[in-house]
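Novice: Got a structure for you, questions after.
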Amino acid sequence: SGFLKQMVRGLVGTLTEIGQEKQPVERIEEILATRDRKKVGPTAPARGLWLESVTYPDSLLEWKQGLS
């Protein structure tokens, strides 16, 4: 549970820096490709972050049903 919370907060912090033009957009691709936590921007504070909804494309749902 802690991993997911920290991952989301790190990504939000990175995206905030990208939005403020402190980091290039390509930084996200680099972080995801290398899986290097040291490249992630500052951890965003937990205050104000919440999951509103999750939507999956139909193609993903069809793929998952094919695995059953």
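Novice: Under a 1.4 Å probe, what is the accessible area of the chain per residue, stated in Å²?
Specialist: Details: 5980 Å² over 68 residues.
For the chain, the solvent-accessible area averages 88 Å² per residue.
Novice: Related question: Largest first and in whole Å, what are the equivalent-ellipsoid semi-axes of the chain based on the Cα gyration tensor, each being the root of 5 times an eigenvalue?
Specialist: They are 27, 16, 13 Å, listed from largest to smallest.
Novice: Explain nothing, just the number: relative contact order of the chain, from Cα pairs under 8 Å at least 6 residues apart, as a whole percent.
Specialist: Computed over the chain, the figure is 37 percent.
Novice: Let me ask something additional. Any chance you could count the Lys pairs in the chain whose alpha carbons are under 24 Å apart, treating pairs 8 or more apart or on different chains as valid?
Specialist: Step by step, the pairs that qualify in the chain add up to 5.
Novice: So between residue 58 and residue 26, what do we pick up on full extension, going 0.36 nm a residue minus the alpha carbon distance?
Specialist: On the way: separation 32, 0.36 × 32 = 11.52 nm, distance 2.79 nm.
Value of the extension gain: 8.7 nm.
Novice: How much of the accessible area of the chain, in percent, comes from carbon and sulfur atoms when a 1.4 Å probe is used?
Specialist: Carbon with sulfur: 58 percent of the solvent-accessible area.
The values are calculated or read from the model by the stated rules, or taken from the named source; none is laboratory data. The shown structure was predicted, so the numbers you read here are calculated from the model rather than taken from an experiment. Remember, those area values only see protein heavy atoms, side chains included, never the ligands or the DNA or RNA. Shrake-Rupley method; radii C 1.70, N 1.55, O 1.52, S 1.80 Å.
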